[in-house]
Structure formats: structure tokens, C-alpha cells
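First comes the structure, then the notes that go with it.
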Amino acid sequence: MLVELGLSVLILLGTAPWFVVLSWGVQPVSSDVRDEITTELKANRTSVQGVFCWPGHITQTATAGVIGILPWARFLLVSPQLLAHLSSQELRAVVAHEAGHLWRWHLFFYALAFLGFVELLFLILVGVEFTQWTTCFTAPYWLQGFLLVGLLALFLRGGIGFLSRNFERQADCNAFLLSLIHISEPTRQAERSY
């Protein structure tokens, strides 16, 4: 049973990003932008299968994001609004931030948190059924639904909110540290020439 579950999760993680990219109708970024982004990803020792423009019908905001946990099913999406307003150095900082998410396995921990929440709900439902069976007390369905929605809200606000704030700080630190490396590298080269 564990083999089937593991295989199912692997198939889901390997196919979901491809499904999103194909169903959203994303378009590749221009070759010069792609080359710049790919160079920055290599400097961060990370990689993606493709770099695409985030479709306008999905979001109107200036944003970037990585989808996919597995290396062969991982994509970087950048909105056209973001590309239109960033200089080359700012774009590299955004890519370094997204690479920080990959480097620290943030997407994996989000998936793990979600699977843990599903398991928690399963245990709660089993506990409710066991209580009903042993005490002959049946909670009204509206109360059960209210509790499940409350738990979901608590998980999203508390659990995912906590993870998200910390993950964003870690990714920002990655971008900052890499900016120091990019700044100090020309300085080191200049020092060597003296």
C-alpha cells in the first residue's frame, strides 16, 4: 500500500506542473530574457525546465513564481508586468529570490504541510466516527462542517501563513547574499589586477 501511495504522489508531483503550464496557455519569454534568467539560475545552482510569461487571465499583478517540486517538472513563471518594469539587475534579484525557494525546498515543505493537514483531517474524522460509535452521540452535520471549515481556515492562516512568511524571508536572504557575491566578485577581480 505504501508503494502505491508513494507512486501516486510521485505521479501527481511530476505531472501537475506540466498540466498547469499546458492548461494555462503560458508563452515562453523572449530568448534574451530567458538566457539572463537561466544564467542567474545556474549561478544559484538551480534549474527549471522552462521560463514562461504568466498569463494575463491568471493574474494582473507584477509577480514571479516557481511551480513544481521535481527538477524535471519545474517551471519559472514571470508576469509581463514584472518584466516591463525591472532592470536587468532587478530581474536577477527576483530570480535569485525564486532560486532561494528552490534551494531551500520550500515547495516540498508546502506539499508536506498540505499532506499533513489531510492526514490530520482524516484522523479527526476517524475520531468523530469512533466517538459516535462508542457513545451513540451524533454531532449535527452543520457542526461537523463548521469545525472542518474552521480547521481549514486555521491551517491556511496559521500554518501556511507561518510557513509563507518564513519562506519569503529565507528567499529574500538568498537574493541578498547573492547580490553581495555579485557585487564583491568585480571588486575581487579588480584587487587581483593590482
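The values are calculated or read from the model by the stated rules, or taken from the named source; none is laboratory data. Only a predicted model underlies this, so the values are computations on that prediction, with no experimental measurement involved. As a convention, Cβ positions derive from the backbone with ideal geometry for all residues, glycine included, and neighbour counts pool all protein chains shown. The protein model used for the area step is the full one, side chains on, heavy atoms only, and it has no ligands, DNA or RNA in it. Shrake-Rupley method; radii C 1.70, N 1.55, O 1.52, S 1.80 Å.
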5 angstrom amide H check on CYS53, placed H, neighbours 5+ away: GLN27, VAL29, VAL78
Sequence ranges 74-82, 149-157, ranked by mean other-Cβ count within 10 angstrom, highest first: 74-82, 149-157
Sequence of LEU13, LEU91 when ordered by accessible area, the most exposed leading, probe 1.4 angstrom: LEU13, LEU91
All Cα pairs of the chain, percent lying beyond 26 Å: 48
Share of carbon and sulfur in the accessible heavy-atom surface of region 48-147 [1.4 Å probe, %]: 72
Bridge type composition, the chain - antiparallel percent by DSSP, nearest 5: 60
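Keeping every protein chain present and rolling a 1.4 Å probe, give me the accessible area per residue for the chain in Å². All intermediate terms of the calculation are to be shown ahead of the outcome.
On the way: 12840 Å² over 194 residues.
Using a 1.4 Å probe on heavy atoms only, each residue of the chain averages 66 Å².
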The chain, helix-only ellipticity at 222 nm - DSSP H runs n ≥ 4, -39,500 (n - 2.57), divided by all residues, nearest 500: -24000 deg cm²/dmol
Interatomic Cα distance distribution for region 34-73, bins of 5 angstrom, percent: 6, 18, 27, 25, 16, 8, 1
Relative contact order (percent, whole number), region 36-194, Cα cutoff 8 Å, 6+ residue spacing: 24
